[in-house]
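Read through the structure below, which is laid out as structure tokens, and then see the notes.
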Ligand code: DQA
């Protein structure tokens with residue numbers, strides 16, 4: 001199974017950005033871990049990150065066109081991007097799976113993080129387990 005593991009804005013700053021919330025591991029560590037977990041689970045995982053909404057929408061279209069499941073950390077887009085939501089809906093509409101992932105637990109944080117506009121069109125959501133949130137999402141796709 002092909003899996004696109006997509007990360008939204010500011011996640012390129014992992015390790016530097018609010019380590020008390022997001023930990024000390026970097027995006028490079030996530031790339032390595034994602035590929036390793038994928039190999040262990042028999043998934044062909046490709047890890048990407050962008051700060052650009054348009055690029056992220058394009059990657060979701062690519063997932064539809066290449067029949068790839070998706071692990072998506074939409075980062076701040078989670079809370080307001082209807083464009084991302086509509087693109088994510090196309091993934092699950094064609095029967096592919098999309099797991100929404102968060103490193104932190106948005107429900108334990110500021111009120112503006114309590115709403116996910118992506119959640120209702122995701123297959124499921126995993127949040128609050130640090131980098132393990134991604135591993136759990138890949139396990140869900142492999143299971
Ligand atoms: C996040 C949570 C979001 O609220 C935030 O904007 C992020 C990261 C997480 O992984 O915990 O950038 O998606």
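The values are calculated or read from the model by the stated rules, or taken from the named source; none is laboratory data. These numbers were taken from a predicted model, which means no experiment stands behind them. Virtual Cβ from ideal backbone geometry, glycine too; neighbours counted across all protein chains shown.
Taking the criterion of being part of a helix (DSSP H, G or I) and more than 12 Å from the ligand (Cβ to nearest atom), the residues of the stretch 8-26 that qualify are 19, 20. Scanning the stretch 52-63 for residues that are under 15 Å from residue 11 (Cα atoms) and crowded, with 16+ Cβ neighbours inside 10 Å yields a total of 2.
Checked against (1) farther than 18 Å from residue 140 by Cα; (2) within 16 Å of the ligand (Cβ to nearest atom), residue 5 meets all criteria but (1). For residue 91, state whether it is within 18 Å of residue 23 (Cβ to Cβ), touching a strand residue (DSSP E or B) at 6+ places or on another chain (Cβ under 9 Å) and modelled with pLDDT of 95 or more. Spelling it out, it is not the case that residue 91 is within 18 Å of residue 23 (Cβ to Cβ), touching a strand residue (DSSP E or B) at 6+ places or on another chain (Cβ under 9 Å) and modelled with pLDDT of 95 or more. With respect to residue 66, determine if the residue is farther than 24 Å from residue 14 by Cα, more than 9 Å from the ligand (Cβ to nearest atom), at pLDDT 95 or above and in contact with a strand residue (DSSP E or B) (Cβ under 7 Å, 6 or more places away or on another chain). Taking the combined requirement at face value, the residue satisfies it.
Every condition in (1) farther than 15 Å from residue 7 by Cα; (2) surrounded by 16 or more Cβ atoms within 10 Å (Cβ to Cβ) holds for residue 107 except the one numbered (2).
Which of the residues that make up the stretch 85-108 are within 16 Å of the ligand (Cβ to nearest atom), farther than 16 Å from residue 11 by Cα and in contact (Cβ under 8 Å) with a residue 40 or more places away in the chain?
99
If we scan the stretch 76-84, do we find a residue that is within 13 Å of the ligand (Cβ to nearest atom), surrounded by fewer than 20 Cβ atoms within 10 Å (Cβ to Cβ) and modelled with pLDDT under 95?
No, there is no match, as no residue in the stretch 76-84 is within 13 Å of the ligand (Cβ to nearest atom), surrounded by fewer than 20 Cβ atoms within 10 Å (Cβ to Cβ) and modelled with pLDDT under 95.
No other residue among 79, 24 is more than 26 Å from residue 142 (Cα to Cα) and without any contact (Cβ under 8 Å) to a residue 24 or more places away in the chain apart from 24. Residues satisfying the criterion are absent from the stretch 110-117 (criterion: under 12 Å from the mean Cα position of the chain (by Cα) and either within 12 Å of the ligand (Cβ to nearest atom) or outside any strand (DSSP E or B) (or both)).
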